[in-house]
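Enquirer: Once you've had a glance at the structure underneath, I'll fire off some questions.
A short reminder: the numbers here are calculations on the coordinates, not readings from a lab. Only a predicted model underlies this, so the values are computations on that prediction, with no experimental measurement involved. Neighbour counts are summed over all protein chains in view; Cβ atoms, including those assigned to glycine, are modelled from backbone coordinates with ideal geometry.
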């Protein structure tokens, strides 16, 4: 690993980013205020390091340590030597702390090669899912494997298409959850300390018009809709809500699904779920209400066809009554939606600063759009109009810049395949 340290900056204490899409799993670092006068004071590269490995995983940061995943060859460059590793770096300096190969029996070989999962950090553990379908618990201090289980061998795991398992695990209390996609184990809940199964959630024959399902490319979120704690997931056939207590399927909604890849993580707001997928599918708002026998009913409030709004991947963020994200299949046209009504407030077909899809991350005073071509744009979270605050092209770009940006303690972290870049975006007195 080679590290280039450009500037050593004083870093204070701020909220961590312990999992996929942050503390609340909503993609917003609500306490992070960053500079918004990029024309006068653009983001400043502090350091850049290699050694992450091949992949699209984003990063988690807890107590000054950064965690991610990537493909790595153990020995000569040969497919037989390909492994997927979990890696840890010092978030201040970029120094690598440890690296642990995980895949073994099956190789992480698929289209768009590389890792997808963002690690979940909890207490003294790090939880990861490899793209070949292995969930593992690692020791935070040195990366040693505590336990690991195979989606294929133990739950007959199944993906909707051939691009690898892409889920980031959810830690909830004493448990960790994942989505193998098996016929009798669509979602499983495991004891986070031992890996022992607590329950598995089968897909009912009546669900999704009697058709079986599989794992999609999304990640689980928690809802208390209809007064029942549940886990909401976008699967290969659409949305599903399963009761947290025992894994019982409470409701399903298939209209939002496409047959290629259902990717974005749903947004939960009180008794509502907003979801969108690409490949022509669209977007929908679902209302969850109390049903009979501790059940939950799911009612479609509205559906937006793909020509109106579709988020292929890159995700969406919510500020108050509005949702912001990229619109279009293969495009990240900046768009603002009134989530309660589905009204497009602005955007829709607005060409952004970059090209291709856009991975979005919110901070207190702006939304970062990271385009597929590498361009980073800062957009005001305002329903009044599209307000571009600045943009820049990072030091290094290759392939598709799909990894979601992360901001912690005034620093912007950008993963670009094997490379990790750290930029100073802390506020300045002139802001």
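Enquirer: Rg to Rh ratio, the stretch 229-297, alpha-carbon atoms and Kirkwood radius?
Expert: Result: Rg/Rh = 0.97.
Enquirer: Could you put 46, 186, 138, 107 in order, starting from the residue whose Cβ has the fewest other Cβ atoms within 10 Å?
Expert: 107, 46, 138, 186
Enquirer: For the stretch 189-283, what does the alpha-carbon gyration tensor say about shape, rounded, prolate or oblate, given a ≥ b ≥ c as the root eigenvalues, a/c under 1.5 as rounded, and a/b over b/c as prolate?
Expert: Taking the square roots of the gyration eigenvalues as a ≥ b ≥ c, the stretch 189-283 is prolate.
Enquirer: Same structure, new question: If one computes the Cα centroid of the stretch 90-104 and of the stretch 320-339, what distance in Å separates the two points?
Expert: 34 Å
Enquirer: Something else now. Test of understanding: ordering 307, 92 by Cβ neighbours within 10 Å, fewest first, what list do you get?
Expert: 307, 92
Enquirer: Let me make sure I get this right: for the stretch 259-393, a, b and c are the square roots of the gyration tensor eigenvalues over alpha carbons, sorted descending. Under 1.5 in a/c it's rounded, otherwise prolate if a/b > b/c, else oblate. Which is it?
Expert: On the way: a/c = 2.18, a/b = 1.69, b/c = 1.29.
Verdict is prolate for the stretch 259-393.
Enquirer: I've got another one for you. Where a ≥ b ≥ c are the square roots of the eigenvalues of the C-alpha gyration tensor, would you call the stretch 369-430 rounded, which needs a/c under 1.5, or, failing that, prolate if a/b is larger than b/c, or oblate?
Expert: oblate
Enquirer: Follow-up question, since we're still on this one. For the stretch 19-38 and the stretch 144-176, what is the separation of their Cα centres, given in Å?
Expert: Value for the Cα centre distance between the two parts: 26 Å.
Enquirer: Top mean-square fluctuation among 373, 122, 321, Gaussian network model of the chain, C-alpha springs under 10 Å?
Expert: With Cα springs under 10 Å in the chain, the top fluctuation among 373, 122, 321 is at 321.
Enquirer: Going by C-beta contacts inside 10 Å, put 279, 253, 371 in order with the fewest on the left. Could you put the intermediate results ahead of the total?
Expert: Values: 279 16, 253 22, 371 25.
Lowest count first: 279, 253, 371.
Enquirer: 222 nm [θ] for the chain, helices only, -39500 (n - 2.57) per DSSP H run of 4+, per residue, to 500?
Expert: Computed ellipticity for the chain at 222 nm equals 0 deg cm²/dmol.
Enquirer: Please report the relative contact order for the chain, taking Cα pairs under 8 Å with a sequence separation of at least 6, and give it as a percent rounded to a whole number.
Expert: Values: 1291 pairs, mean separation 63.3, N = 431.
Once normalised by length, the contact order is 15 percent.
Enquirer: Which of (i) 59, 53, 36; (ii) 81, 60, 44; (iii) 71, 47, 44 is the computed Cα extents along the principal axes in Å for the structure on display?
Expert: Only one option fits the structure, namely (i).
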